[in-house]
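The values are calculated or read from the model by the stated rules, or taken from the named source; none is laboratory data. Everything numeric in this text was worked out from a predicted model, so none of it was measured. For neighbour counting, all protein chains shown are included, and Cβ atoms are generated from backbone atoms with ideal geometry for every residue, glycine included. The protein model used for the area step is the full one, side chains on, heavy atoms only, and it has no ligands, DNA or RNA in it. Shrake-Rupley method; radii C 1.70, N 1.55, O 1.52, S 1.80 Å.
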Amino acid sequence: MADNKFSEWIARHHPKYVSLTQSVELIMTQLLKNANIPHLPVVGRTKSPEKCIEKVNRKGYRNPVEQLTDISGVRIVVYFDYDVQAVSELIEASFNVDYVNSSNRDDLLAVNEVGYRSVHYVCDLGMDRVKLQEHKALGGLKFEFQVRTVLQHAWAELAHDRNYKFSGKLPNRLERKLNLLAGLMETADAGFSDLSREIDNYVASVSKSAAGGELEIEINALSIEEFVRQWAKLEGLTFQELENRDHIDELLRELKQFDISTLDELKNIIPADYAENIPDSKITVLGAVRDWMIISDPKKFMRKVSVNWGLGNEDFQLYVKYLTNEQIDDLMRHVGLADVYVPDDDDRSP
């Protein structure tokens, strides 16, 4: 049983652990951002004094102040297996790790076992960080990181939540089925990681081919974005990544209607002076490719390409450098604009 001394100790120190959790959550979020590691929101939790006492009693700790290392816990959920390794290296480089109490749950599974997988690190903030005024009171306090993939996290939530039906000992038939599903999730986890690497390799190959002028490459969601990114870099323009890539498929449909199926065909419709006329020297893949189709052959675009998006005044300030007033009037009607854009004399190229 937890004695009165530990009960008094946890009551006295609990506010520090609350501060520790909040600090580690903020620090780790910034570290992940700086390292460009995609992740779900970093989540911290501090065990209540009651739960700390319950765990000490359940585990039979003789020295709970030293043995209870997860009063403060922070969970990091990433998308792929290789991101777990990247986060692990980041933690080891950024915190003082207690390797004796840290573990990789994969290492605890036998070769013929599947189940709960997660990397656990027990750490403290380290000497350098606790020198800072805001962290002085947190020196020596330990906390735990849990690092998982999305699928590992889903399995942990399903199989280890004590309030859920999958927890505890099941009948043999159901236990076997649960283990088979765990194996499928582990296979899927590895498969998604492999697929992600293959996508990265494909994008790199497109970039290399484009740089070498080899553009007989089919247009797809990956190749078109990488081509426009590389073209913008070559022309000294800023390429703005899309916040929502759902519209890429719509752009691919429009290109098909416009009879463009390879990067070489796409390159051939880029106006020679397009880069010089871009407002603010910024482009997106959607805006640039649609501009190229409209400017290269406005009649064909309006005849063959169906659209469900609009154009702004800035777009027409660009188009008047290439299109006649009649073509601009037709284009406005094609995209569903009732008012006709009337360019100033200064808008047109000499």
Could you tell me whether the range 31-40 includes any residue that is farther than 27 Å from residue 85 by Cα and part of a helix (DSSP H, G or I)? no
Somewhere in the range 269-287, is a residue more than 18 Å from residue 314 (Cα to Cα) and either surrounded by 12 or more Cβ atoms within 10 Å (Cβ to Cβ) or modelled with pLDDT of 95 or more (or both)? yes
Is there any pair with a first residue in the range 35-49 that is touching a residue at least 12 places away in the same chain (Cβ under 8 Å) and a second that is of a type outside the set (Phe, Trp, Tyr) and open to solvent by 40 Å² or more (accessible area, probe 1.4 Å) whose Cβ atoms are under 6 Å apart and which are 6 or more apart or on different chains, and what are they? 42/25; 42/29; 43/75; 44/25; 46/18; 49/11
Based on this model, can you work out whether residue 170 counts as modelled with pLDDT of 90 or more and assigned to a loop (DSSP other than H, G, I, E, B)? no
Among the numbered criteria (1) open to solvent by 70 Å² or more (accessible area, probe 1.4 Å); (2) modelled with pLDDT of 85 or more, which single criterion is violated by residue 157? (2)
When the residues of the range 116-139 are narrowed to those that are assigned to a loop (DSSP other than H, G, I, E, B) and open to solvent by less than 60 Å² (accessible area, probe 1.4 Å), which ends up modelled with the lowest pLDDT? 116
From the list 243, 226, 254, 250, which residue is in a loop (DSSP other than H, G, I, E, B) and either surrounded by 12 or more Cβ atoms within 10 Å (Cβ to Cβ) or within 25 Å of the chain's Cα centre (by Cα) (or both)? 243
Could you say which residue among 56, 18, 65 is touching a strand residue (DSSP E or B) at 6+ places or on another chain (Cβ under 9 Å), aliphatic (A, V, I, L, M) and closer than 22 Å to residue 102 by Cα? 18
On the given criteria, is residue 321 basic (Lys, Arg), at pLDDT 95 or above and either open to solvent by less than 20 Å² (accessible area, probe 1.4 Å) or over 33 Å from the mean Cα position of the chain (by Cα) (or both)? no
Meets criteria (out of contact with any Asp or Glu (no Cβ under 7 Å at 6 or more places or on another chain) and in contact (Cβ under 8 Å) with a residue 24 or more places away in the chain) for residue 244: no
Subset of the range 41-75, residues in a loop (DSSP other than H, G, I, E, B), open to solvent by 60 Å² or more (accessible area, probe 1.4 Å) and farther than 20 Å from residue 157 by Cβ, comes to 62, 63
Any chance the range 19-27 includes a residue that's assigned to a strand (DSSP E or B) and open to solvent by 80 Å² or more (accessible area, probe 1.4 Å)? no
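So is residue 266 under 20 Å from residue 211 (Cα atoms), open to solvent by less than 20 Å² (accessible area, probe 1.4 Å) and either assigned to a helix (DSSP H, G or I) or not basic (Lys, Arg) (or both) or not?
Yes; evaluated as a whole, the condition is true for this residue.
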